[in-house]
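Comments concern the structure below.
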Amino acid sequence: MAPSWAGDVRRTDTPRTRATGRHDRIMRATCTGPKRPVRAAPAAAMVRPVPAAPSTAPSSADLWCAGLAFQGTRALPEPERRALSARLERARRRLRAVDLAAAALVLGASGAAAWIAAPRPNVLAAVWAALLVPAWAGVAFGIVGGTAPGRRWAFAGGVLLLLAIPAAEVAADRLGLGSLAPSFAGQLPSLYTALSLLGLFEVAGRIAARVRFRRALATARDELAASNEVWVFGGPPPAIPRAAERPRIEVLPRSHLFVRGPSGPPRWFSIAPVRRLAPAQPFALRVPIPGARAQDPQLRVHRRSLSPAERSEIAGQAGRLRRHLWPVLAAYTACAVQLAIDALLWGHRGRALWFSAGATFWYAMAAAASLVYAGRLRAAGRLAQDAGHPWMVTIDAADAAVAERAPHMEVLPVSRLIWTERGRPAAWRLQPPGG
C-alpha cells in the first residue's frame, strides 16, 4: 500500500506550541515597554552582512534566536559600548549583593533552626531542620515564580493538603466527631518531608541557573572589552510568517546576552536561546517518491538527500534526548532520601515505611519520569534512524497557482516530524536542549 504523507505528519509547531514556546515568551518580554521614536541609524551602526572571510559571525542560515534568523553583525558606537559595559557592571554588582544577602539570611535561619532542634539527641534532626529553610524557600519560589504551570500547581496543592488535614482535624475535634482519619493524619510528617525535598530540587535548579547567569555576565564584560560587535537577528514573528512588522533583536556573540529588543534595551539582562542549526536546502534536487501520494490532490510528495550538517544535527538531537536522564535520577534519589528520613527521623517501620504518603508520592514521580524518559528513548531511536536515512520527504503544491495557500514543508521519514515549513525550522528544533 502506498504511503500517504499529508495526513500523517506530526506537527510539533502548532500555534499553541509556538504561543507557549520559549522563543515567544522572550519576544513578549523584549517587545513590551513604551514605544520609542525610530531614529535613523548612523552608517557605522548599520547591520553588516555576513563577510565571506572567516570571522566571529556565523553563516546567515544556521543561527536562530527566539524564532528569528541571523541577519548579520552590528558595530556598537563607542558611547553605546561604554553605556552597555556600565550596565553590565551594575548588574554584576547588584547580583553579587543580592546573592550575598540571600546566602546570609538562609545560613542564619538554617543555623537557628538547627540550634532549636539540637536538644533532641538526633543529629539527623538538626541537619534536616537546617535544610528546611532553603527547602521551603524553594516551595515559595515554586508557587510564586515557577515557570511551568504544572509545577506551580504541584507546590500549591501540596501546601493546601498539608494545611487542610490539620484544619479538618481541629474542626472535627471541636464538633465532637473525633479524629476523621487517624492513619492519614499520621502521614503528615512524611508528606511534609516530600514537599520539602521538592523545594530543595527547586532551589538547586535556581542556583544552577544563577551560576550560569553570573558566568554569562562575566563573559559579556570580557567580550565587550575585546570587541564591539553584536549579532543581529530579525525577520517576521514565528507565529505570523507574513507579518508586516519585522522585529529585530541583538545578542552578544559569546555570552548570548540580550542587549537590545524591538523596543530598545531590555530592563533586565537575560540569556538568549541561540540555536545553531543545519542550513536550509531550498535549491536541493527533489525527485518524486515512487508510489507515494498525498491525500490532497493539489499537493505533491517528493524527496531530497540529507546534507551532512542535517545528519549531524539529527544525530545530536537524538544524543541529547538519551542524555536527558537527570529527572529520573533525581526522582529515584528522592525516593531513597524519603525512605531514610521516614525511618530515621519519623520512626516508620515495615509497611508504614515502604508505603508512606511521601514515599508513595516519590514512587509516582519516579514512575512518571521513567515513562517520559522511555518516550524520549523511543524518539531518539526514530531520530537515529532518520539520521541514517538517505533522504527526507518534501510536501509542496503541485500547481503554482495554489502555492501561496498550500503547505510547503519537509518531513523526516521515520519520526514523521516536520523539519522545515516554508524554509523556516520547525519549532522543536528551536527549543533549547532538554526543552
Point to revise | Members of the range 215-234 found to be closer than 14 Å to PHE258 by Cα and of a type in the set (Lys, Arg), listed by number | key: ARG221
Review point. Is it true that some residue in the range 51-61 is surrounded by 13 or more Cβ atoms within 10 Å (Cβ to Cβ) and either among the hydrophobic types (A, V, I, L, M, F, W, C) or at pLDDT 90 or above (or both)?
Key: yes
Study note, to complete from the structure: Among the residues of the range 359-394, the number that are exposed (fewer than 13 other Cβ atoms within 10 Å of the Cβ) and of a type in the set (Gly, Ala, Ser) is 5
Check your understanding: Which is buried (at least 19 other Cβ atoms within 10 Å of the Cβ) and outside any strand (DSSP E or B), of VAL203, VAL232?
Key -> VAL203
Review point. Would it be correct to say that SER183 is modelled with pLDDT under 85, farther than 30 Å from PRO134 by Cβ and in a helix (DSSP H, G or I)?
Key: yes
Review point. Which pairs do you get when a residue that is in contact (Cβ under 8 Å) with a residue 40 or more places away in the chain, found in the range 219-234, comes within reach of a residue that is part of a helix (DSSP H, G or I), reach meaning Cβ atoms under 6 angstrom, with the pair 6+ apart or on two chains?
Key: ALA220/LEU88; ARG221/LEU88; LEU224/SER85; ASN228/ARG81
Point to revise | Filtered residues of the range 250-301 (kept if part of a strand (DSSP E or B), modelled with pLDDT of 90 or more and among the charged types (D, E, K, R)) | key: GLU250, ARG260, ARG275, ARG276
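The values are calculated or read from the model by the stated rules, or taken from the named source; none is laboratory data. From a predicted model like this one, the values you see are computed outputs, not experimental measurements. Positions of Cβ are backbone-derived with ideal geometry, glycine not excepted, and every protein chain shown enters the neighbour counts.
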